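Enquirer: A single structure is presented below for examination.
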Amino acid sequence: MAAAVERGWQGPLEGLAVARHGEAGRLSRIDVATAGHPLPDRASLVAAERLLRLAEGAGADDLVLVLLSGGASALACLPGEGLALEAKRRLTEALLRSGADIGEVNCVRRHVSRFKGGRFALAAAPARLVTLAISDVFRDRPEDIGSGPTVADPTTLADARAVLAQLGIAAPERGWSETPKTVAGDYRIVARAADALAAAAAEAERRGYRPRTFECDGEARTVAAEHARLARAMAPGEALITGGELTVTVSGPGQGGPNQEYALAAALGLAGVRGVCGLAADTDGIDGTGDAAGAFFDGRTAGRGAEAALAANDSGGWLDRRGALFRPGPTGTNVNDLRILLAARR
């Protein structure tokens, strides 16, 4: 996104682009930094502080252009007053392992931050603020894309505390604050999951399939079981293509991510079925914390031990041993997950 701005912007330009460690490209006029993801690190804190300084230094005649995409919650992290970075990391990890949806996770993040939940927008005033966002969240809610640093927050401090209480996660004693409910700025979503679904459906049609598309959320293994049921009923040449973010309630010691858990659970649901195959992958090229974007699967993928692997949240280990993992590498964008099920054409 920053490279595109450099190519198209003719006037004076300065700024900072923050990418995940190992994924930064070269820019000529915009500084580049890397930081931790999915958990923030010290570099995430430094990046957030630098971004805020840039915003605070803008005047009334300046344009502050924010290029926002999935992962920003971790890449730019400035804990609330008195909350240590390590405590914020532990809180984030507990939320990500709890099975909470992204709305619940980011509700908490916004209320223990000095950067998220519209606070960057306040820092940028009185400059003109424009946000161009790539949505990686279900229903494209601006407050949940990167935890909404440039938009007003409709949730409250009480909402955030209630999320933690419901999940049984200990609330930090410090770092809490209420988020702004009104901020100024122009906010535009320039790409979203629906675009990936439309592109995948068009390619499926080009290859002679009849696609059905929709977005969904929920627990990965539960959604996978339902999609396997739908796939069992598909006629030859039909395709089921879904987007949206799934969650995993982590209780075991294994490795993997939501797409790998979905793939293994779907494979179990398709056991013995011939002529149906699938792929579940994250569009940014990384599913969870490993190096895989997701996995391929069909009715032969699951075998003895698959249910135990799923129970231990070891979908990644199981699918890796089966040679089923999908490793395209970082794609440079993120419009959430894409799941494709195909019924063989006659």
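Enquirer: Check Gly208 against each of (1) among the small types (Gly, Ala, Ser); (2) touching a residue at least 60 places away in the same chain (Cβ under 8 Å); (3) in the same structural domain as Gly118 (by TED's automatic domain parsing) and name the one condition it does not meet.
Expert: Unmet for Gly208, out of (1) among the small types (Gly, Ala, Ser); (2) touching a residue at least 60 places away in the same chain (Cβ under 8 Å); (3) in the same structural domain as Gly118 (by TED's automatic domain parsing): (3).
Enquirer: Report whether or not Thr242 is without any contact (Cβ under 8 Å) to a residue 60 or more places away in the chain, hydroxyl-bearing (Ser, Thr, Tyr) and not assigned by TED's automatic domain parsing to the domain that holds Glu93.
Expert: On the way: without any contact (Cβ under 8 Å) to a residue 60 or more places away in the chain: no; hydroxyl-bearing (Ser, Thr, Tyr): yes; not assigned by TED's automatic domain parsing to the domain that holds Glu93: yes.
Against the criterion (without any contact (Cβ under 8 Å) to a residue 60 or more places away in the chain, hydroxyl-bearing (Ser, Thr, Tyr) and not assigned by TED's automatic domain parsing to the domain that holds Glu93), Thr242 does not qualify.
Enquirer: Further question on the same structure: Pro328 - would you say it is within 29 Å of Gly25 (Cα to Cα) and out of contact with any helix residue (DSSP H, G or I) (no Cβ under 8 Å at 6 or more places or on another chain)?
Expert: yes
Enquirer: Exactly one condition in (1) under 26 Å from Ala94 (Cβ atoms); (2) in contact with a helix residue (DSSP H, G or I) (Cβ under 6 Å, 6 or more places away or on another chain) is false for Pro253; which is it?
Expert: (2)
Enquirer: Further question on the same structure: Given the condition touching a Pro at 6+ places or on another chain (Cβ under 9 Å), at pLDDT 95 or above and buried (at least 17 other Cβ atoms within 10 Å of the Cβ), answer yes or no: does some residue in the stretch 260-281 qualify?
Expert: Yes, that holds for at least one residue.
Enquirer: All but one of (1) touching a residue at least 24 places away in the same chain (Cβ under 8 Å); (2) in the same structural domain as Gly299 (by TED's automatic domain parsing) hold for Ala233, so report the exception by its number.
Expert: Only one criterion is unmet by Ala233, namely (1).
Enquirer: Which of the residues that make up the stretch 25-44 are more than 23 Å from Val137 (Cα to Cα), of a type outside the set (Val, Ile, Thr) and touching a residue at least 12 places away in the same chain (Cβ under 8 Å)?
Expert: Gly25, Leu27, Ser28, Arg29, Asp31, Ala33, Arg42, Ala43, listed by residue number.
Enquirer: Given the residues Asp159, Asp140, which is the only one that is touching a strand residue (DSSP E or B) at 6+ places or on another chain (Cβ under 8 Å), without any contact (Cβ under 8 Å) to a residue 60 or more places away in the chain, surrounded by fewer than 24 Cβ atoms within 10 Å (Cβ to Cβ) and farther than 22 Å from Ala17 by Cβ?
Expert: Asp140
Enquirer: Here's another thing I want to ask about it. Limited to the stretch 9-35, what total is found for residues that are at pLDDT below 95 and of a type in the set (Gly, Ala, Ser)?
Expert: 6
Enquirer: Related question: Name the single residue, out of those in the stretch 308-326 being surrounded by fewer than 15 Cβ atoms within 10 Å (Cβ to Cβ) and without any contact (Cβ under 8 Å) to a residue 40 or more places away in the chain, that is farthest from Ser251 (Cα to Cα). Even if it seems obvious, please write down each step before you answer.
Expert: Here is the first cut: in the stretch 308-326, the ones surrounded by fewer than 15 Cβ atoms within 10 Å (Cβ to Cβ) are 308, 311, 321, 323.
Of the ones still in play, those that are also without any contact (Cβ under 8 Å) to a residue 40 or more places away in the chain are 308, 321, 323.
On the way: Ala308: 13, Arg321: 21, Gly323: 25 Å.
Checked the stretch 308-326; the qualifying residue farthest from Ser251 (Cα to Cα) is Gly323.
Enquirer: Can you name the residue in the stretch 7-64 that is part of a helix (DSSP H, G or I) and touching a Cys at 6+ places or on another chain (Cβ under 7 Å) and is also surrounded by the fewest Cβ atoms within 10 Å (Cβ to Cβ) among such residues?
Expert: Looking at residues that are part of a helix (DSSP H, G or I) and touching a Cys at 6+ places or on another chain (Cβ under 7 Å), I get Leu45.
The values are calculated or read from the model by the stated rules, or taken from the named source; none is laboratory data. Treat the numbers as computed from the prediction; the structure is a model and nothing was measured. So basically every Cβ, Gly included, is an ideal-geometry build from the backbone, and we count neighbours across all protein chains shown.
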